[in-house]
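Okay, structure first, notes after.
Bear in mind that the values in this text are calculations on the coordinates, not laboratory data. Nothing here was measured: the structure is a model prediction, and the numbers come from that model. In this analysis, Cβ positions are derived from the backbone assuming ideal geometry, glycine residues included, and neighbour counts consider all displayed protein chains.
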Ligand SMILES: Nc1ncnc2c1ncn2[C@@H]1O[C@H](COP(=O)(O)OP(=O)(O)OP(=O)(O)O)[C@@H](O)[C@H]1O
Ligand SMILES: [Mg+2]
């Protein structure tokens with residue numbers, strides 16, 4: 001086992017005008033499950049492939065433990081990869097598929113079989129060892145692909161969207177299995193996904209990327225509660241955080257004509273227009289006389305225990321979209337106008353220009 005360090009790592013593709021991954025500094029601790037998440041094209045796979053040695057590093061260094069692997073060939077890095085397209089060998093049974101890399105590496109038959117049995121037990125694949133891949137379900141095939149990686153007893157797992165071939169329901173159950181398995185094996189893991197829900201539910205910590213640049217690395221809860229900028233605020237959470245433009249006001253920020261109080265330390269940092277962030281569950285419905293922001297309800301999504309209420313507000317003449325989580329029994333109707341406000345400790349304030357977090 002080992003830690004992983006990206007130190008100012010960069011990947012500039014030939015002919016590219018800016019790096020696909022720029023000045024990446026990221027420390028993955030020994031045994032940690034780190035998830036790399038971000039929109040399509042932000043540089044997740046490139047970062048992962050740089051660690052695996054499949055992509056040239058054009059600047060900076062990458063270390064596994066104390067060992068600088070920047071110029072070490074992929075085979076000597078002791079990393080096992082699981083890809084989205086984990087093509088299994090169709091003519092080989094499950095056991096041989098799992099053992100194949102070990103055979104190539106010259107591991108003896110007895111040792112191979114012992115490791116395959118061990119992995120099959122972990123993955124609930126024991127009854128299928130003699131079957132060919134075509135006689136397996138999608139989820140079982142995915143587990144065979146995991147098994148191929150596990151039998152190698154690598155120092156580091158690299159996984160690039162390994163669940164994206166599975167249907168939605170299987171994806172949810174498999175992500176729990178992978179997270180539990182990783183915890184049991186304790187192997188340092190870097191896991192790539194574009195799905196923020198997957199990232200939040202699986203990762204010990206989550207690294208959020210945008211346009212080749214790392215934005216924030218934190219525990220799922222910290223990311224949710226203290227996003228470092230407008231991008232992370234909008235990317236993490238579903239439905240997304242409400243992001244509304246606002247002006248500085250007396251002891252708070254002003255959305256349209258409505259004053260939202262913020263704490264004193266945050267207020268002291270505001271020196272121009274801001275973006276205000278409020279999670280759907282952080283809105284409080286109040287009466288009109290209490291001066292909440294008026295929202296005209298356009299859609300109501302009933303979920304049983306609660307509901308998501310979508311509506312429109314007026315932001316100084318510009319229509320704005322708002323989503324509110326409402327508890328069962330307090331759900332307004334389509335067409336109704338509700339008034340909402342929030343409490344100072346639940347209001348996120350970001351600089352209107354740079355998008356940087358101002359809230360304490
Ligand atoms: N071989 C290549 N040559 C040139 N540019 C590339 C190459 N591979 C990727 N890129 C570019 O580098 C950027 C990052 O690509 P990368 O595959 O790392 O994104 P990603 O975050 O994994 O996206 P996705 O979620 O779609 O898989 C993209 O702009 C992509 O077009
Ligand atoms: Mg990718």
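Calculated mean residue ellipticity, 222 nm, the chain: -7000 deg cm²/dmol, from DSSP H runs (n ≥ 4) at -39500 (n - 2.57) each, averaged per residue and rounded to 500.
If you sort the three axes of the alpha carbon gyration tensor as a ≥ b ≥ c, you get a/c of 1.5 or more for segment 240-351 and a/b above b/c, which makes it prolate. Using C-alpha pairs below 8 Å separated by at least 6 residues, the relative contact order for segment 240-351 is 32 percent. Going from the residue with the fewest nearby Cβ atoms within 10 Å to the one with the most, 299, 217 rank 299, 217. With respect to the chain, whose longest principal axis is taken over its alpha-carbon atoms, helix 168-185 is tilted by about 60°.
Report for the chain the percent antiparallel among DSSP-assigned beta bridges with both residues inside it, nearest 5. Taking every DSSP beta bridge within the chain, about 75 percent pair in antiparallel fashion. Going from the residue with the fewest nearby Cβ atoms within 10 Å to the one with the most, 271, 256 rank 271, 256. Between 0 and 90 degrees, the angle of helix 94-104 with respect to the longest Cα principal axis of the chain falls at about 70 degrees. From least to most packed, judged by other beta carbons within 10 angstrom and beginning with the fewest, 6, 191, 308, 128 follow the order 308, 128, 6, 191.
Angle of helix 138-150 to the longest C-alpha principal axis of the chain, folded into 0 to 90 degrees and rounded to 10: 60°.
Normalised by 2.2 N^0.38 Å, where N is the number of residues, the alpha-carbon radius of gyration of segment 4-231 equals 1.02. Taken along the Cα-to-beta-carbon direction at a fixed 7 Å, the label points for residue 92 and residue 281 span 4.6 nm.
Rounded is the label for segment 1-90, because a/c, from the alpha-carbon gyration tensor with a ≥ b ≥ c as root eigenvalues, stays below 1.5. Each Cα pair under 8 Å and six or more residues apart adds its separation to the average, and for segment 122-246 the resulting relative contact order is 16 percent. Relative contact order for the chain: 16 percent, from Cα pairs under 8 Å spaced at least 6 residues apart, divided by residue count. Classified by the C-alpha gyration tensor, segment 83-132 has an oblate form. Its axis ratio a/c, with a ≥ b ≥ c, is 1.5 or above, and a/b does not exceed b/c.
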